[in-house]
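K.L.:
Supplied in structure tokens, the structure appears directly below.
Taken together, the values in this text are just the output of simple stated rules run on the coordinates, not laboratory data. All values derive from a computational prediction rather than experimental measurement. With ideal geometry, Cβ positions are generated from the backbone for all residues, glycine too; neighbour counts draw on all protein chains shown.
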Amino acid sequence: MNAMNTVPTLTKPVLFTDADGRARWRDEAVALTEGKPQARLSPLAASAGHQLRQSPVGFRSEFHCTGEAQWVFILRGGMQIGLQDGSTRDFGPGEFFYSADLLPAGAVFDPKLHGHCSRQLGDEALVTLFVRG
């Protein structure tokens, strides 16, 4: 396929629960197959509602699993996601990820094994948009 026929993509960071029960990251390509060459769009996807959240300077969560898979869009401030292996990933305004690190079926939550933690970064409140998907 030549460059004229390639479909542009957007990278979708996905926080997911791996086979061992631990949260991990993977990147997925979202094909931008709709729209016009000047403004490419992904196919329309259904959603189950949205919520806005404001977290004050100093906010930090405990380890937890995502209750329902959802998109997380950073509107203002900074957010850091920490995993059980000690790694972190930072997100700023205009960035997003898909949070789908659900508790494995039949598992009892173990804060030393499952989930992720999050914290606000910087000197301004964190404002996020959650879109259930």
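K.L.:
Which value results for Rg/Rh of the chain when Rg is the Cα radius of gyration and Rh the Kirkwood radius based on the inverse mean 1/r?
P.N.:
That ratio equals 1.02.
K.L.:
May I pose another question? In nm, to one decimal, how far is the GLU124 label point from the LEU44 one, both placed 7 Å along Cα→Cβ?
P.N.:
Spacing of the two 7 Å Cα→Cβ label points: 3.3 nm.
K.L.:
In terms of modelled amide H atoms, which long-range or inter-chain residues lie less than 5 Å from the amide H of SER118?
P.N.:
Hits under the 5 Å cutoff: SER61, GLY82.
K.L.:
For region 117-132, in order, what is each residue's ³J(HN,Hα) by Karplus, 6.51 cos²θ - 1.76 cosθ + 1.60 with θ = phi - 60°, in whole Hz (x at glycine and Pro)?
P.N.:
Rounded to whole hertz, the list is 10, 9, 8, 7, 10, x, 10, 10, 4, 8, 10, 10, 10, 9, 10, 5.
K.L.:
State the extension gain, in nm to one decimal, for the chain segment bounded by GLU95 and SER61, taking 0.36 nm per residue of separation less the distance between their alpha-carbons.
P.N.:
Using 0.36 nm per residue and subtracting the Cα-Cα distance, I get 10.3 nm.
K.L.:
Further, regarding this structure: How large is ³J(HN,Hα) for each residue in region 91-102, as worked out from phi by the Karplus curve 6.51 cos²θ - 1.76 cosθ + 1.60 (θ = phi - 60°), to whole Hz, x for Gly and Pro?
P.N.:
Once rounded to whole Hz, the list reads 10, x, x, x, 9, 8, 7, 9, 9, 9, 8, 7.
K.L.:
Using only Cα atoms, what is the ratio of the radius of gyration of region 20-68 to 2.2 N^0.38 Å?
P.N.:
Against the compact-globule rule of thumb, the ratio is 1.75.
K.L.:
Any idea how far the Cα center of region 83-128 sits from the one of region 24-76, in Å?
P.N.:
Rounded to whole Å, the Cα centres lie 13 Å apart.
K.L.:
Summing Lys, Arg as +1 and Asp, Glu as -1, what charge do residues with Cβ under 12 Å from the Cβ of GLY67 carry, GLY67 excluded?
P.N.:
Net local charge, GLY67 excluded: -1.
K.L.:
How charged is the neighbourhood of ASP27? Take every other residue with its Cβ under 12 Å from the Cβ of ASP27, and add Lys/Arg as +1 and Asp/Glu as -1.
P.N.:
With Lys, Arg at +1 and Asp, Glu at -1, the net is +3.
K.L.:
Within 10 Å of each candidate Cβ there may be at most 10 other Cβ atoms; applying that plus a DSSP loop requirement, which trypsin sites (Lys or Arg not before Pro) in region 30-133 survive?
P.N.:
The qualifying sites are LYS112.
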